[in-house]
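First the structure, in the form of structure tokens, and then the observations on it.
The values are calculated or read from the model by the stated rules, or taken from the named source; none is laboratory data. Predicted, not measured: the structure shown is a model, and the values here were computed from it. Quick reminder, even Gly has a Cβ in these numbers, built from the backbone with ideal geometry, and neighbours come from all protein chains shown.
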Amino acid sequence: MRRKLVAGNWKMHGSLEANARLLGSLTSGNAGSGNAACAVLVPFPYLAQTQTLLKGSACRWGAQNLGEHPSGAYTGEVAGAMLAEFGCTYVTVGHSERRALYHEDDATVARKAVAARKAGLTPIVCLGETLAEREAGQTEAVVERQLEAVLNVAGVQAIAESVVAYEPVWAIGTGKTASPEQAQEVHAFLRELLARRDAKVAAEVSILYGGSVKGANAESLFAMPDVDGGLVGGASLVAEEFLTIWRAADRLAS
Ligand code: PEP
């Protein structure tokens with residue numbers, strides 16, 4: 001059975017003081033019976049603090065990006081092995097902000113997923129369509145292209161050791177959430193694409209939904225059969241909201 005996962009994407013937010021409060025709430029807040037996994041994805045400079053404060057707790061941590069090379073003359077880049085040294089479990093690749101603002105294409109995302117696996121990290125492979133693409137009826141074609149790009153470079157076995165996150169771009173940070181049915185439709189489609197390569201991988205890989213997940217809508221989204229939890233941006237910065245989302249996942253996983 002797939003384990004539910006709630007991952008908080010802090011984006012470029014935080015400070016040592018604010019993080020200490022937020023991480024403290026995550027370790028002290030009762031987030032259920034441990035059926036659902038939890039993680040926070042923090043800016044690089046806060047990895048050491050996060051590792052110190054979350055070590056031994058039920059919540060794991062990770063980063064939001066990594067360089068595609070293992071080391072070398074790549075000024076400003078951070079290698080997967082460096083993230084592993086700070087105890088990271090996860091790293092997002094292909095977040096729509098990286099694709100749109102930093103021009104990361106499908107091939108780059110695929111190489112980053114491979115680099116993450118080589119460093120022993122679990123990549124959270126993000127994909128999703130823009131509003132214009134949805135309105136043009138291209139949702140399936142877009143997510144298929146994005147997923148196939150990773151499958152073709154990394155192979156289906158690498159996906160077995162990854163997490164997929166469907167994040168419709170029009171729902172990220174907009175307060176507009178996909179309905180549970182809209183999310184389910186795309187998640188089922190992604191699973192079907194994976195099943196064409198390997199039925200076992202398709203059945204076992206976790207597919208998260210991301211896009212304005214809140215305490216108030218988490219349960220209805222996570223209750224859908226192919227939605228295995230959430231990638232949460234804004235709401236992950238508010239301890240009570242994030243704990244509510246984690247508890248919703250935990251109840252459904254029990
Ligand atoms: C995200 O950052 O991946 C995200 C889904 O953000 P939000 O929850 O704020 O829409």
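Test R117 against the criterion of being away from the ligand (no atom under 14 Å from the Cβ), crowded, with 16+ Cβ neighbours inside 10 Å and in contact (Cβ under 8 Å) with a residue 12 or more places away in the chain, and give yes or no. Spell out how you get there, then give the answer.
Values: away from the ligand (no atom under 14 Å from the Cβ): yes; crowded, with 16+ Cβ neighbours inside 10 Å: yes; in contact (Cβ under 8 Å) with a residue 12 or more places away in the chain: yes.
Judged against the criteria, R117 is a match.
Condition test on K118, is it over 14 Å from the mean Cα position of the chain (by Cα) and modelled with pLDDT under 95?
Here the answer is no, as K118 does not meet what is asked.
Being of a type outside the set (S, T, Y), under 16 Å from the mean Cα position of the chain (by Cα), buried (at least 17 other Cβ atoms within 10 Å of the Cβ) and within 16 Å of the ligand (Cβ to nearest atom) is true for just one of L190, L221. Which residue is that?
Step by step, each of L190, L221 is checked, and only L221 is of a type outside the set (S, T, Y), under 16 Å from the mean Cα position of the chain (by Cα), buried (at least 17 other Cβ atoms within 10 Å of the Cβ) and within 16 Å of the ligand (Cβ to nearest atom).
Can you say whether G155 is away from the ligand (no atom under 16 Å from the Cβ), more than 18 Å from the chain's Cα centre (by Cα), at positive phi and modelled with pLDDT under 95, as far as the supplied structure shows? Full working, then the answer.
Working: away from the ligand (no atom under 16 Å from the Cβ): yes; more than 18 Å from the chain's Cα centre (by Cα): yes; at positive phi: yes; modelled with pLDDT under 95: yes.
Spelling it out, G155 is indeed away from the ligand (no atom under 16 Å from the Cβ), more than 18 Å from the chain's Cα centre (by Cα), at positive phi and modelled with pLDDT under 95.
Could you identify the single residue in E167, E161 that is of a type in the set (D, E, K, R), closer than 26 Å to L121 by Cα and within 16 Å of the ligand (Cβ to nearest atom)?
Exactly one residue qualifies, and that residue is E167.
Against the condition of a type in the set (G, A, S) and over 16 Å from the mean Cα position of the chain (by Cα), how does A216 come out, does it pass?
Details: of a type in the set (G, A, S): yes; over 16 Å from the mean Cα position of the chain (by Cα): yes.
For A216, the condition - of a type in the set (G, A, S) and over 16 Å from the mean Cα position of the chain (by Cα) - is met.
Kindly indicate which of R251, R247 is of a type in the set (D, E, K, R), more than 10 Å from the ligand (Cβ to nearest atom) and under 23 Å from R21 (Cβ atoms).
From the options R251, R247, the qualifying one is R247.
Quick one: V205 ticks every box in (1) within 14 Å of the ligand (Cβ to nearest atom); (2) crowded, with 20+ Cβ neighbours inside 10 Å; (3) among the aliphatic types (A, V, I, L, M) bar one, so which box is it?
Of everything listed in (1) within 14 Å of the ligand (Cβ to nearest atom); (2) crowded, with 20+ Cβ neighbours inside 10 Å; (3) among the aliphatic types (A, V, I, L, M), V205 misses just condition (1).
Residue by residue through the range 204-217, note down the ones that are over 20 Å from H95 (Cα atoms) and without any contact (Cβ under 8 Å) to a residue 40 or more places away in the chain.
Correct list: G215, A216.
Given (1) within 14 Å of the ligand (Cβ to nearest atom); (2) at pLDDT below 95; (3) over 16 Å from G8 (Cα atoms), where does A183 come up short, assuming only one miss?
Against the list (1) within 14 Å of the ligand (Cβ to nearest atom); (2) at pLDDT below 95; (3) over 16 Å from G8 (Cα atoms), A183 comes up short only on (2).
What pairs can you find where one residue is in the range 1-12 and farther than 29 Å from A199 by Cα and of a type in the set (A, V, I, L, M, F, W, C), the other is at pLDDT 95 or above and in a loop (DSSP other than H, G, I, E, B), and their Cβ atoms are less than 9 Å apart, with a gap of 6+ or different chains?
W10/V42; W10/P43; W10/Q64; W10/G233; M12/P43; M12/Q64
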